[in-house]
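Each remark here refers to the structure printed beneath this line.
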Amino acid sequence: MLYFINDIITGALIGLLYSLVAMGFVVIYRASKVFNFAQGELVIIGGFIVWFTTMQLGLSLWLSIPLSLILAGLVGYAIERIFLTKLIGESVFSMVMVTVGLLILLRGLVLLLFGPAVRPFPIIFPLKPLFLGDMLIPMNLLLGGIITIVAAVGLSWFFNRTRSGLRMTAVAEDHVVASSMGISVKGSIAFAWVLGAILSTIGAMIFLSGKSLTFLASDIGFAALPVALFAGLESIGGLILAGVIIGVAQSLTTNYLDPLIGGSLGSVVPYIIMLAILLIRPTGLFGWRTIERV
Amino acid sequence: MSYHTKRGLRGLLTAAALAVAASMPMKAQAETTYNLALLSDFSGPYADIMPVLAGGREAVFTWWNETRGKEIGVTLNYKNYETRYDAAQVASLWPGIKSELDPIAVVGLGGPDVAALAERLPEDKIPMFMATAAYGYAWQPESWIFNPRPTYSHESAGFLNWMREQRGGDGPLKVAILASEASPAYVDMAKGLELYAEEHPDEIDLVEVIYTEVQPTDLTGQMRRVVRAGTEALIIQTNTSIVVAAKRGLQANGANIPIMMSSHNGLPASGGALGGLEQLEGDFEAYGMAIAADEDTPARQFYETLVADHGLEAPWNVVTAMGVSQALYIVAVIDHAIEANGVEGLTGEMVREALFAKPITTEETHGFLPTLTFTPEAPFPLEGLKVNVGTVKDGKITIEATGVDVPDVKKW
């Protein structure tokens, strides 16, 4: 029974990591209605920035982490300025296609700038797990879970309670209308990309702490996708619940069903849950229902 | 200088140039060139090891051209094609490769090449030679794709039997496999060993096969199960990221179960990804090829020759050894084909026939591979199979065992 509870806790914490990466999807979507297919690649870029400042420049973690977050923010800003700002007012489809191109471009850039070698990622969180009696909780996931909840609370407050956050929501509704009301569409979207890149870098630190860094790490973007769609692409608070549900379901499947069937059902379960919920409720658990008057 | 002197000098130079030019076509006529298509992955999942592997392959072709090739007037011309380790990419490139190069052999890299070309090569009558161990799904008679090593499952079964003997006692060795469903090859590696364990319960007690992602989020829970089951060896023949995640999972559980890796995710690659070889102290790599350790072996001596005289820049490690061994058995087969058919008019079909006609001795591959006797029954030699075992001792890779017998693994 103790191990069962332990598996639930670990699953919930892995789910929270997915929620953090999914937050990047949601922040960008809320500001621009653009689904960023290159979210996993932003995680890699963030990871390589952390690796570079820590392992290459030899900076201490206290210096390299804030510096990496600033650099990641600048990368997000640059991406928006170079590739997306000119598409404001164009169809959302065009912007989404740009993110698909971005996915390929960022992979190529990583190879070009850092080379293909598998690198050891710095140990950001202690490797020693937390022992609660016979239960064992990985420290990176535990601290990552706390960071995710704090980030979700902060961002929910920002989007729902501050003028800047509400402006971003207005931008997502309609670029032209928001612009005519004096809201800086460019500024809002740029800010969303900065935020998305920073969240991805935090996700990379939790995900890769003490492990290895390659461009395979971008797969976490796809792992976070069911969480984002399950929660509904507009809800930051909903990501926490969706992440926990998907993480726990995945953990229990991996630990109890996979050994019986001799396969990897655990990696498919998040998508099954996502499809099931989308069939019942296409906007996701907490997505906005839009009523259009014609 | 007067006009006449200039004119005379010009005439002399022209005559000399003509003489040189006249001698050149004769040399060109005497030299026969055959083409080899090298399938490579410089930007896909194996991009990290590809430059080193390619360096090993190309240095051997250069060595052969400068030594044996020069003697008999044959040049092996080669060209790399970027496949991104993607079967679709290989399939789309192949018609172009064939028309551009008309190769007598293809130098393959991995599973996607096999998947894409298994049906086409028999029609085109061009053999493909791999560097890796073989795959169960490609274990068919009358193949046109060949591996110098048995299947990954043969290699892991050989290692486990050796480990059980080292341990002593009567009971079977408790083993867990970490695999991934991301690639058919990864699943195949696990399935073969699963079958062997089923049929040999006195040798191997397979406690669990764990399937995970190629970059796992966390394996602490899975490793806890493995530790609780009393596992004595962990087989990971997939990639370095899974080795790293498993090692971290074991460390979190305060356990140190020996991990066996293969050549493509071996000790140097996984040690590098973990931040140091010392983290893999007591772990193993096992495969049917020379171990790239510090010891002075014939393989090491040949590597030094390639570095000193033939421009090899790759370091001495398992990946370089893979490239070198692959190219060595290819040039040996081509040599046999030339011996049997003469220098002129060699075809892919003749090269394949030469593979079955005569064994490739371990001397011909400078100790990189055991003596290989291919038959039409399988894409790899079915007899005389051996594996070598390397480990990390005091932070250095050392040879733990050589010529370990590979058991008879049934086709799955």
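Observations, loosely collected:
- Residue in the stretch A:171-189 that is out of contact with any Pro (no Cβ under 8 Å at 6 or more places or on another chain), surrounded by fewer than 22 Cβ atoms within 10 Å (Cβ to Cβ), closer than 30 Å to B:Val243 by Cβ and not polar (S, T, N, Q) present: no
- Taken as a whole, the condition of being on the phi > 0 side of the Ramachandran plot, outside the structural domain of B:Leu109 (by TED's automatic domain parsing) and at pLDDT 95 or above does not apply to B:Gly275.
- Helices (runs of 4 or more DSSP H) lying entirely in the stretch A:173-283 (those with 2 or more residues that are under 12 Å from the mean Cα position of the chain (by Cα)): A:185-208, A:219-231, A:236-252
- One residue alone among B:Ala47, B:Ala87 is surrounded by fewer than 19 Cβ atoms within 10 Å (Cβ to Cβ), touching a Pro at 6+ places or on another chain (Cβ under 9 Å) and farther than 21 Å from B:Phe356 by Cα, and that residue is B:Ala87.
- The stretch B:265-316: number of residues that are assigned to a helix (DSSP H, G or I), under 28 Å from B:Ala134 (Cβ atoms), within 14 Å of chain A (Cβ to nearest Cβ) and touching a residue at least 60 places away in the same chain (Cβ under 8 Å): 5
For every residue, the table says whether it meets (1) in contact with a helix residue (DSSP H, G or I) (Cβ under 6 Å, 6 or more places away or on another chain); (2) within 14 Å of chain A (Cβ to nearest Cβ); (3) surrounded by 21 or more Cβ atoms within 10 Å (Cβ to Cβ).
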site	(1), (2), (3)
B:Gly111	yes, no, no
B:Glu123	no, no, no
B:Ile126	yes, no, yes
B:Gln140	no, no, no
B:Pro150	no, no, yes
B:Phe159	no, no, yes
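- Comparison of B:Glu194, B:Glu203 shows that the only residue that is acidic (Asp, Glu), touching a Leu at 6+ places or on another chain (Cβ under 8 Å), surrounded by fewer than 24 Cβ atoms within 10 Å (Cβ to Cβ) and closer than 30 Å to B:Asp113 by Cβ is B:Glu194.
- Residue in the stretch A:227-249 that is facing chain B (nearest Cβ under 9 Å) and among the acidic types (Asp, Glu) present: no
- Candidate set: the stretch B:220-238, residues that are part of a loop (DSSP other than H, G, I, E, B) and closer than 25 Å to B:Ile49 by Cα; chosen: the one farthest from the other protein chains (Cβ to nearest Cβ): B:Gln237
- Test: residue in the stretch B:239-259 that is away from chain A (no Cβ under 13 Å), touching a residue at least 60 places away in the same chain (Cβ under 8 Å), buried (at least 23 other Cβ atoms within 10 Å of the Cβ) and not hydroxyl-bearing (Ser, Thr, Tyr): no
- Taken over the stretch B:59-75, residues that are buried (at least 21 other Cβ atoms within 10 Å of the Cβ) and not aromatic (Phe, Trp, Tyr) amount to 3.
- For the stretch A:138-166, filtered to residues that are of a type in the set (A, V, I, L, M, F, W, C), over 16 Å from A:Leu199 (Cα atoms) and within 13 Å of another protein chain (Cβ to nearest Cβ), the residue that is surrounded by the fewest Cβ atoms within 10 Å (Cβ to Cβ) is A:Met139.
- When the stretch A:118-137 is filtered for residues that are facing another protein chain (nearest Cβ under 8 Å) and under 23 Å from A:Ser60 (Cα atoms), the ones remaining, listed by number, are A:Val118, A:Arg119, A:Pro120, A:Leu127, A:Lys128, A:Pro129.
The values are calculated or read from the model by the stated rules, or taken from the named source; none is laboratory data. If you're wondering where the values come from, they're calculated on a predicted model, not measured in any experiment. Neighbour counts run over all protein chains shown; Cβ positions are idealised from the backbone, glycine included.
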